[in-house]
Amino acid sequence: MTKDSYEQLTEKLQSATLCALPQSAARMIQLSKDPRNGPQEHAVPILADIGLSTQILRFVNSSIFGFRCKITSIPMALSLASVRTIRNFVLWSGLFAMMPNPMCGPFSVRVLFQDSLRRAVFAKHVSLLLEDCDADDTFLCAILQDMSIPILGKIWNQEYKEMLTECRHGVTRLSRIEQERMGWNHAQASAILANQWNLDGHIADTIVHHIDFDFTHLTASEDKKAAVIALSSLLPSVTSHIWREVELFLLGYNRLFNGQVPDLKSLLAVTDERSADLMQFICLGDTVIPLLEHHHNYIESVKPVIDTPETAEASA
């Protein structure tokens, strides 16, 4: 990417008023910068928004958490569910409310959020299986990795209509098409937005590399969080009937766990279940193609043919 094209991208994103976070989310991020701020301090911007307070109490009292006692106050929710989990929820719901629908070709804001949510749930569960991999940060990075696309589609509507259509009907990743046509890609744009929203710098660094992570040379010393985000980006879209990048996904999955590989089928089942709960909670709908279905289809496609008298006779 040339200096001019990057500066143009940065300038366009900075001048777009639709990039501003809701006040409650911005204040929560600001408070989280100071480790001395606890549940009481983080409760202040939430309590100032009755709708957000109600949504958070519904969230922590849902089956997603499964607390035995009813959570009746925001400070109690922040203490039991953790400040970071609630902060991520406020940011996530804020993004969902602010995102435009650019109406460009096959793009759908709802599908984008379904994809992002499922990838985030997957990334969080993978990070829980790894050492030294922050599950909350990983969830947030996975949610944010594609969040620039609606904004870019609004700014460069015709260009994204063409690029998204090409991506839908071809085999080339959107990021590669963007790089060829625009001189930058949506991962770089998402990283710019993460910095613009005053998120921790390492979040932007993780997001920007999710499209070009090299799993073939993955080592134990590399940033596991970046590897997990890159792996989550290889999951199929919720509306896709074909898992185009399954081979690269399996390579990355095996390299990430360095031979001690957890059962993928169980992990995908948990991801399907938890993401479906979250989609229902925020009214995203649940009409998605399960990851377990993709897994089953892949296993069937590579299953060796077993010779039987009938097949032997047919081949003779």
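Couple of notes before you dig in:
- In order along the range 84-100, the phi-based Karplus estimate (6.51 cos²θ - 1.76 cosθ + 1.60, θ = phi - 60°) of 3J(HN,Hα) comes to 5, 5, 5, 4, 5, 5, 5, 5, 4, 5, x, 4, 4, 6, 8, 5, x Hz; Gly and Pro are listed as x.
- Computed over the range 117-235, the quotient of the alpha carbon radius of gyration and 2.2 N^0.38 Å is 1.07.
- Extreme residue, positive dipole direction of the range 105-172, given options LEU152, PRO106, CYS167 (C-beta unit charges): PRO106
- Compared with the dominant principal axis of the Cα atoms in the chain, helix 291-302 is inclined by about 20°.
- Between ALA48 and VAL261, the contour length at 0.36 nm per residue exceeds the alpha carbon distance by 72.1 nm.
- Net dipole in debye of the chain [+1 Lys, Arg Cβ; -1 Asp, Glu Cβ; about Cα centre; nearest 20]: 1080 debye
- Dipole of the range 1-98, positive end: most advanced residue of ALA16, LEU47, SER62 [Cβ charges, Cα centre]: SER62
- Among ASP205, ASP137, the ranking by other beta carbons within 10 Å of each residue's beta carbon, starting with the fewest, stands as ASP205, ASP137.
- Local electrostatic count, THR165, Cβ distance below 13 Å [Lys/Arg +1, Asp/Glu -1]: 0
- Pairwise FRET efficiency - GLU7 versus VAL270, Cβ, R0 = 45 Å, nearest 0.05: 0.55
- 3J(HN,Hα) couplings calculated from phi for the range 115-131 with the Karplus curve 6.51 cos²θ - 1.76 cosθ + 1.60 (θ = phi - 60°) are, in sequence order, 4, 5, 5, 5, 5, 5, 5, 4, 4, 5, 5, 5, 5, 5, 8, 9, 8 Hz; Gly and Pro show x.
- Calculated FRET efficiency, ASP132 to GLU162, Cβ-Cβ distance, R0 = 30 Å: about 0.10 to the nearest 0.05.
- Shape call, the range 185-269: gyration tensor on alpha carbons, a/c limit 1.5: oblate
- 37 °C / 0.692 mPa s Stokes-Einstein diffusion coefficient of the range 1-117, Kirkwood radius on C-alpha pairs, µm²/s: 202 µm²/s
- Spatial separation of Cα centroids for the range 51-70 and the range 245-283, in angstrom: 25 Å
- Computed from label points 7 Å out along Cα-Cβ, the spacing between ARG36 and ASP223 is 3.0 nm.
- Annotation: aspartates and glutamates with alpha-carbon distance below 20 angstrom to LYS154 (same-chain offsets under eight excluded): GLU7, GLU11, ASP115, ASP146, GLU162, GLU166, GLU178, GLU180.
- Applying the Karplus relation 6.51 cos²θ - 1.76 cosθ + 1.60 with θ = phi - 60° to the range 53-65 yields 3J(HN,Hα) values of 4, 4, 5, 5, 5, 4, 4, 6, 8, 7, 5, 4, 9 Hz, where x marks Gly and Pro.
- Potential lengthening between LEU250 and ILE299 on full extension [0.36 nm per residue; Cα-Cα distance subtracted]: 16.5 nm
- Summarised in one figure, the compactness ratio Rg/Rh of the chain, Cα atoms and Kirkwood Rh, is 1.00.
A short reminder: the numbers here are calculations on the coordinates, not readings from a lab. Please read these numbers as outputs of a predicted model, since none were measured by experiment. Positions of Cβ are generated from backbone atoms using ideal geometry, with glycine treated the same way; all protein chains shown enter the neighbour counts.
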